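To start, the structure under review is shown below, and the notes come after it.
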Amino acid sequence: KDVRDAVVAARKAFEPWAGRTAYNRGQILYRIAEMLEGRQAQFVEELRAAGLGKAAASAEVGAAVDRWVWYAGWADKLAAVHGSANPVAGPFFNFSTPEPTGVVGVLAPDSALLGLVSVLAPVIVSGNTCVLVASEPAPLPAVTLAEVLATSDLPGGVVNILTGQRAELAPWLASHMDLNALDLAGVEAGQVPVLEEAAAGNLKRVLRPQEGADWSAAPGTGRMTAFLETKTVWHPVGV
């Protein structure tokens, strides 16, 4: 039921969020970074409770703040970098622009904060909404992040964070017919084929997990483009 309710909320929020200007979405992501930084001490303590040393926990919180800022900077650049004007025969102006896919289900990795941010930020920066299943062994930073999101001008329903057993929640996300895409970042390799088969019911886009993923490595644009559709428009000119 929690999964169903979360998808309903994400679907309701999708059109208004996708309709916002890229600049405004970037502003909101910058604000999330500021709010997270303001609660740095709390996140450090929660990561220490999850087993990290003080120095490692502090470094991870700082890296998570930087990750939000990095993705925020891409908000108004995606269309320029991944869109194009296409040369065609005849009196037409032809151009392609990236658009959000829709509602994305994310199974977050066990990296309780940096991995969480690394799979969440690229989904929402381009206008998608999200239903995210938090780290199973260390869900507390995700719960605190939900508080940060709720107080950072992010509209309700854009991000819906669930806690619980990943193996129990994942099949319902994968088979949900109103979900447009699925990120399997936190799923074990043996479970991937079953979830991919369930996701094929409505032709979801599926991003497979990366074996041995290093969430502290510099991010690329791959996680953003994985959940973008390309719209191509023909427009007559000189007529």
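Overview of results
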{"read-out": "Number of the exception - Ala134 against (1) at pLDDT 95 or above; (2) over 26 Å from Gln27 (Cβ atoms); (3) open to solvent by less than 20 Å² (accessible area, probe 1.4 Å)", "value": "(2)"}
{"read-out": "Pairs, first in contact (Cβ under 8 Å) with a residue 60 or more places away in the chain and open to solvent by 10 Å² or more (accessible area, probe 1.4 Å) in the stretch 104-118, second of a type in the set (Asp, Glu) and in a loop (DSSP other than H, G, I, E, B), C-beta under 8 Å, six or more apart", "value": "Asp110/Glu136"}
{"read-out": "Scope the stretch 209-239; condition assigned to a helix (DSSP H, G or I) and open to solvent by less than 40 Å² (accessible area, probe 1.4 Å); matching residues", "value": "Arg223, Met224"}
{"read-out": "Strands (runs of 3 or more DSSP E) wholly inside the stretch 74-133 that include at least 1 residues being more than 18 Å from Lys204 (Cβ to Cβ)", "value": "84-86, 92-100"}
{"read-out": "Count - residues of the stretch 39-55 that are of a type outside the set (Lys, Arg), open to solvent by 50 Å² or more (accessible area, probe 1.4 Å) and assigned to a helix (DSSP H, G or I)", "value": "6"}
{"read-out": "Scan of the stretch 81-103 for residues that are open to solvent by 10 Å² or more (accessible area, probe 1.4 Å) and among the hydrophobic types (A, V, I, L, M, F, W, C), ordered by number", "value": "Val81, Ala85, Val88, Ala89, Phe92, Phe93, Phe95"}
{"read-out": "Val206 open to solvent by less than 30 Å² (accessible area, probe 1.4 Å) and β-branched (Val, Ile, Thr)", "value": "no"}
{"read-out": "Every residue from the stretch 36-62 that is of a type in the set (A, V, I, L, M) and either farther than 23 Å from Ala72 by Cβ or under 23 Å from the mean Cα position of the chain (by Cα) (or both)", "value": "Leu36, Val44, Leu47, Ala49, Ala50, Leu52, Ala55, Ala56, Ala57, Ala59, Val61"}
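The values are calculated or read from the model by the stated rules, or taken from the named source; none is laboratory data. Here the structure is a predicted model, which means the values were calculated and not measured. Cβ sites come from the backbone with ideal geometry, for glycine too, and all protein chains shown count toward neighbours. To get the accessible areas, we keep the full protein, side chains included, count just its heavy atoms, and leave off ligands, DNA and RNA. Shrake-Rupley method; radii C 1.70, N 1.55, O 1.52, S 1.80 Å.
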